[in-house]
Amino acid sequence: MPTNKCQFKQLLSNQGVNSYSEIVAQYQCLQIKNASQGRKMRVKKSEPSPCELVHVSFSKGSEPPVTAATMSDPSYQHLDDSQSVENSPKTDVSDGSIDPIVNGEPFTSYFDEKVPIPEDERHTWFSFRKLWAFTGPGFLMSIAYLDPGNIESDLQSGSVAGYKLLWVLLTATIIGLLLQRLAARLGVVTGLHLAEMCNRQYPKVPRILLWLMVEMAIIGSDMQEVIGSAIAINLLSVGIIPLWGGVLITIVDTFFFLFLDKYGLRKLEAFFGLLITIMGVTFGYEYIRVSPDQGQLLKGMFFPYCAGCGTPQLEQAVGIVGAVIMPHNMYLHSALVKSREVNRSNKKEVREANKYFFIESSIALFISFIINVFVVAVFAEAFFGKTNLEVYNECFNKTGPHTGLFSNNTDPLEVDIYKGGVVLGCYFGPAALYIWAIGILAAGQSSTMTGTYSGQFVMEGFLNLKWSRFARVILTRSIAITPTLLVAIFQDVEHLTGMNDFLNVLQSLQLPFALIPVLTFTSLRPVMNEFANGLGWKIAGGILILIVCSINIYFVVVYVSLLGHVVFYVIAALLSIAYLTFVAYLTWQCLVALGVTFLRCSETCHLGLISNPEILLLNNMEKEDTSSPR
């Protein structure tokens, strides 16, 4: 005869009672046992306890049983009877995270340490103490808006269109903020980041395709960071270290920065803050040194016009949007927010976390926008309308290895992150060149680290592979360095920087594979509960994603049309058919999630996620546990 509620529920479980109500009872049983014995939650290969925190599959009007496959999910947590309350602190299980074990050793990850959120009863609506505790993920996310690809897009915008495209940069940043808000809310509310959600919701084939697309975006971003860092090292060494040498150095410095992770989460976030500060100071120096026209700057920022603009300016505007909104950044941000202690069974705490994360992201992206404006304004003021001949004459008598970089003709000046530094050195002195190179190096190194985290989260989420970051870096950096190193050895710097155009196209193609899933999942009430997107957000999000994807597809079409070979056109046409088919599938799923019910069909349960979205049990425990201490 069972003597308590826990034993009673164990008995029912042993008898095969697997209804939803019994799963809820199992969770309550876990709370009783964990509170009374102080057991620590751990993944364990031994026989599981009957009292477990499990995932459930939720669909309207149905209560599916918990299968063996469900119970074997590595995200489930079992009680470790070998731990005592004295030797092991109580683990917050509100986010569904785990402490995985690889080859008998603790697996190092960004979430080894969680930042506690302080109570502030004096300031109930807004607290700077709480904002400070939530500060970190948004700034790491904002680094993607300051990578070498973005810096190159900024300087080209200034040299091609002057101040006229600043409003495009502002609009793209605001759109990026709204989309990042969706990614952050997904991670806060569900306790799962975007890759984990895709893994649980999409069938096998779409899931694998999504993973491949996101990996391509991460590798493309990594290549841009390698190129930017190699160019910065070459400029700082006055050409002594060749470009291929700079590419090889990026292998060593990446592993060096990974060691900083051992010093704690807040220190790591502070280091990223230092790199952002370096970029702000260096590009701010260039801004002050050049002294742009403030009236023209404000006019270009707040008046959406482009008088006298043609195809080059239009293509540059499209390039700005493609460079600012990065696909893998959605996956990154949805994972980073899990680093804060938020009890997801408490609506108040979830709502509070969403608010502070949005405020922090707004501040971070505002700072990144200001830094981008610095770069645009410098090149708009100093080099808009300049020709190669003018720059050639200015640099002709300057000493150094870069004097022959510009042609002696009257063609419009074309700059990149390499030529941009040289031109600044010619017009404003060597200090401008070296300070520019320091800023580019900081951009490359900070983006390298966030790209590493993105890759780790994506691999863990889609494939459930628990790799160390060192193994992850070796894989992605090897793939990124091989073509970059070959171009650096056998071609010149123009071919190396020219790779950025191709890489921007590559990442533009991957945008639907991040934006469509994040809108889909955040619009599903079974997944997000009361935090699901309202009608306004569904409409606005759908329109924004349609605009961004359309702009980037146009950018791809323009790039392919310039290749000028029929073979490339045929290959592009074949790939486009497969690409658009997959995008159409994701769009169909998204539209059903948005409420377009006539698109739902009887095969939805076999082809998609809408009829059977899986969520964490803890999201449904609010009625049973409305107030829980941190």
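The values are calculated or read from the model by the stated rules, or taken from the named source; none is laboratory data. Bear in mind that the values here come from a model prediction, so they are computed numbers and not experimental data. In this analysis, Cβ positions are derived from the backbone assuming ideal geometry, glycine residues included, and neighbour counts consider all displayed protein chains.
Do we find that ARG185 is surrounded by fewer than 23 Cβ atoms within 10 Å (Cβ to Cβ) and charged (D, E, K, R) in this structure? Can you show your working first?
Numbers: surrounded by fewer than 23 Cβ atoms within 10 Å (Cβ to Cβ): no; charged (D, E, K, R): yes.
Criteria not met by ARG185.
Scanning region 487-495 for residues that are among the aromatic types (Phe, Trp, Tyr), at pLDDT 80 or above, over 21 Å from the mean Cα position of the chain (by Cα) and at negative phi turns up nothing. Scanning region 439-455 for residues that are buried (at least 24 other Cβ atoms within 10 Å of the Cβ) and not β-branched (Val, Ile, Thr) returns GLY439, LEU441, ALA442, ALA443, GLY444, SER446, SER447, GLY451, SER454, GLY455. Just one of the numbered conditions (1) more than 17 Å from the chain's Cα centre (by Cα); (2) closer than 21 Å to SER142 by Cβ; (3) at pLDDT below 90 is not true of GLN224; which one? Unmet condition: (1). Going by what's in this entry, would GLY149 be described as assigned by TED's automatic domain parsing to the domain that holds GLY455, under 18 Å from MET449 (Cα atoms) and in contact with an Asp or Glu (Cβ under 6 Å, 6 or more places away or on another chain)? No: the conditions fail for GLY149.
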